[in-house]
Amino acid sequence: MFCHSTRDKNRRAGCAQAVLEGLAPDGGLYVPEKIPQVDAKAWVNLPFLPLAAQVISSVLPEISPMEELVDKAYTGKFSGPEVTPTVQAGPFTVLELFHGPTGAFKDVALCMLPQLLTAAKSQNGMEEDILILTATSGDTGKAALEGFRDVPGVKICVFYPQGGVSPVQEAQMVTQEGRNVFVFGVKGNFDDAQSGVKHIFAAAGKMPGVRLSTANSMNLGRLAPQITYYFKAYGDLLKRGEIAWGQKVNFSVPTGNFGDILAGYMAKEMGLPVGRLICASNENNVLTDFLTTGVYDRRRPLRKTISPSMDILVSSNLERLLYFVSGDTALVKGLMSKLTRDGHYTLPEALLRAIQTQFWGGWCGDGRGKAAIRRVYQDYGYLCDPHTAAGWAVAEEYRAATGDEAPMVVLSTASAYKFPEAVLSALGEDCPENGFAAMARLHERTGVPVPQSLLGLERKPRLHTRVIPKEEMLSCVLGL
Ligand SMILES: *Cc1c(COP(=O)(O)O)cnc(C)c1O
């Protein structure tokens, strides 16, 4: 199957090429020419691994052998064979996406991306090494390091803002093992690290024999694996007799870059009976405004919240949705250049209405998020992280506002132990200064098991201790 840029139908690439490039050369995102139509009714009965192979193959049919790639990606890396289990908690079903190597949902895609990338590389006869460059505000960096460690023909280099990630997240990155991994702290904030990476891409000509790529969620190879768990969750509800085949299920998704929820939209377009997709934001509520008014406006200060992975003002994957609903690359190109130039755009009325039939947006501030953590724990014995809590609170708001009582799946995107400070304070506990002491206190208080990957982190050797000024990022990369 061919892919093309969201900004130009004539910018075509095979899907293997699209995975290798990450971003289309005109700055657009690659989309498949057609969203495949699948036998969803049969697929929902499959276990996770064969299901993932079917789903990913349908979007990226050129890349093979998919069963083998999926097996290498997931077997032994998640805490159980279900990979993404669901649990009932009061009125909702929670889809737990955090049982992978780093405790956050990005593992589901970032375990798979290296397999897709190396298969695409050999299928295209590409001989150079690939260097993956990633600036991270916390979760992506660690998940990418784990996914790419010791993958032959690939090196990975992660830049994180020193002091700009949580102590647990920093410890996860600086203790990373692997022969092909490089981690640097940058003196500056996330934007400094991100613009440093863009600068290195612009200077890529100076690095003969090396191809640069990224692990961020604009890569189609990250999007495709995320479609799997929507089918999986639907199948779980079916198995438990909660629904009959064909009945619509709603999904509430804690959203930042719009990648996770877009995978849900693709599942729906492929034939899964999905009702509404609930887009849950935090106080950085650009998407809530957009889904209610059709105006996308990033001209506002970025606020730091207790759900940092959703602290984002430009949700890159929304561009793909704009293309899917309009089919009009010229329109998308126009809106995106207006966003870059003026900081805002307004969607044509008919398109807004089309999007509103499928999506519903809401947001949850830190106070309400903490109240949700406390209430869900007290009432149902379920411990949420702050991202999941936003999804929960907005799902409740949706039900109250619309009266739509269809079964609701809330996507749980991180382990509560990645954000122990916020969770302890939500439960009304004093919080120790040290992040690891906070983890221990949370465990004492709740008895919920600490993920294997976070246990013992404090005592692991710190292997990556260099902190550099942002001006030195390029020379660092040239020296790898
Ligand atoms: C990245 C992330 C999100 C947001 O996902 P998007 O695909 O960027 O919308 C939500 N929660 C957690 C814990 C994350 O790491």
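Whether any residue in the range 270-286 is in contact with a strand residue (DSSP E or B) (Cβ under 6 Å, 6 or more places away or on another chain), over 22 Å from Arg7 (Cα atoms), open to solvent by 20 Å² or more (accessible area, probe 1.4 Å) and basic (Lys, Arg) is what I want to check. There is at least one residue in the range 270-286 that is in contact with a strand residue (DSSP E or B) (Cβ under 6 Å, 6 or more places away or on another chain), over 22 Å from Arg7 (Cα atoms), open to solvent by 20 Å² or more (accessible area, probe 1.4 Å) and basic (Lys, Arg).
Residue by residue, here is whether (1) away from the ligand (no atom under 11 Å from the Cβ); (2) in contact with a helix residue (DSSP H, G or I) (Cβ under 8 Å, 6 or more places away or on another chain); (3) more than 29 Å from Tyr30 (Cβ to Cβ); (4) not β-branched (Val, Ile, Thr) holds:
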position	(1), (2), (3), (4)
Leu238	yes, no, yes, yes
Gly241	yes, no, yes, yes
Phe251	yes, yes, no, yes
Leu262	no, yes, no, yes
Tyr265	yes, yes, no, yes
Gly275	yes, no, no, yes
Ser281	no, yes, no, yes
Thr288	yes, no, no, no
Leu291	yes, yes, no, yes
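Of all the criteria given as (1) among the aliphatic types (A, V, I, L, M); (2) more than 19 Å from the chain's Cα centre (by Cα); (3) at pLDDT 80 or above, the one not satisfied by Met207 is (3).
Results for (1) without any contact (Cβ under 8 Å) to a residue 60 or more places away in the chain; (2) closer than 28 Å to Thr292 by Cα; (3) part of a helix (DSSP H, G or I); (4) open to solvent by 10 Å² or more (accessible area, probe 1.4 Å), shown as yes or no for each residue.
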site: Pro225; (1), (2), (3), (4): no, no, yes, no
site: Tyr229; (1), (2), (3), (4): no, yes, yes, no
site: Ala233; (1), (2), (3), (4): no, yes, yes, no
site: Gln247; (1), (2), (3), (4): no, yes, no, yes
site: Ala263; (1), (2), (3), (4): yes, yes, yes, no
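For Ala414, state whether it is more than 30 Å from Gln194 (Cα to Cα) and not charged (D, E, K, R). Answer is no for this residue. Within the range 438-478, restricting attention to residues that are touching a residue at least 24 places away in the same chain (Cβ under 8 Å), assigned to a loop (DSSP other than H, G, I, E, B) and among the aliphatic types (A, V, I, L, M), the residue that is surrounded by the most Cβ atoms within 10 Å (Cβ to Cβ) is Val450.
Do we have any residue at all in the range 312-331 that's in contact with a Gly (Cβ under 6 Å, 6 or more places away or on another chain), within 20 Å of Gly28 (Cβ to Cβ) and among the basic types (Lys, Arg)? Within the range 312-331, none of the residues are in contact with a Gly (Cβ under 6 Å, 6 or more places away or on another chain), within 20 Å of Gly28 (Cβ to Cβ) and among the basic types (Lys, Arg).
Scanning the range 312-323 for residues that are outside any loop (DSSP other than H, G, I, E, B) and within 16 Å of the ligand (Cβ to nearest atom) returns Leu318, Glu319, Arg320, Leu321, Leu322. When we screen Pro114, Pro101, Pro65 for residues that are in contact (Cβ under 8 Å) with a residue 60 or more places away in the chain and in contact with a helix residue (DSSP H, G or I) (Cβ under 9 Å, 6 or more places away or on another chain), the only hit is Pro101. With respect to (1) under 21 Å from the mean Cα position of the chain (by Cα); (2) in contact (Cβ under 8 Å) with a residue 24 or more places away in the chain, the lone exception for Val38 is condition (1).
Taking the condition open to solvent by 10 Å² or more (accessible area, probe 1.4 Å), not in a loop (DSSP other than H, G, I, E, B) and not charged (D, E, K, R), does Leu238 pass? Judged against the criteria, Leu238 is a match.
To keep it simple, each residue is scored yes or no on (1) in contact (Cβ under 8 Å) with a residue 60 or more places away in the chain; (2) assigned to a loop (DSSP other than H, G, I, E, B); (3) away from the ligand (no atom under 14 Å from the Cβ).
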site	(1), (2), (3)
Ala371	no, no, yes
Val376	yes, no, yes
Thr388	yes, no, no
Trp392	yes, no, no
Tyr398	yes, no, yes
Asp404	yes, yes, yes
Val409	yes, no, yes
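Against the conditions (1) of a type outside the set (S, T, N, Q); (2) in contact with a helix residue (DSSP H, G or I) (Cβ under 6 Å, 6 or more places away or on another chain); (3) surrounded by fewer than 16 Cβ atoms within 10 Å (Cβ to Cβ); (4) closer than 21 Å to Gly327 by Cα, Tyr30 satisfies every one except (3). Among the residues of the range 292-311, those that are open to solvent by less than 10 Å² (accessible area, probe 1.4 Å) and either of a type in the set (Ser, Thr, Tyr) or outside any loop (DSSP other than H, G, I, E, B) (or both) comprise Tyr296, Ser307, Met310.
The values are calculated or read from the model by the stated rules, or taken from the named source; none is laboratory data. All values derive from a computational prediction rather than experimental measurement. With ideal geometry, Cβ positions are generated from the backbone for all residues, glycine too; neighbour counts draw on all protein chains shown. Accessible surface is based on the protein model in full, side chains and every heavy atom, while ligands, DNA and RNA are left aside. Shrake-Rupley method; radii C 1.70, N 1.55, O 1.52, S 1.80 Å.
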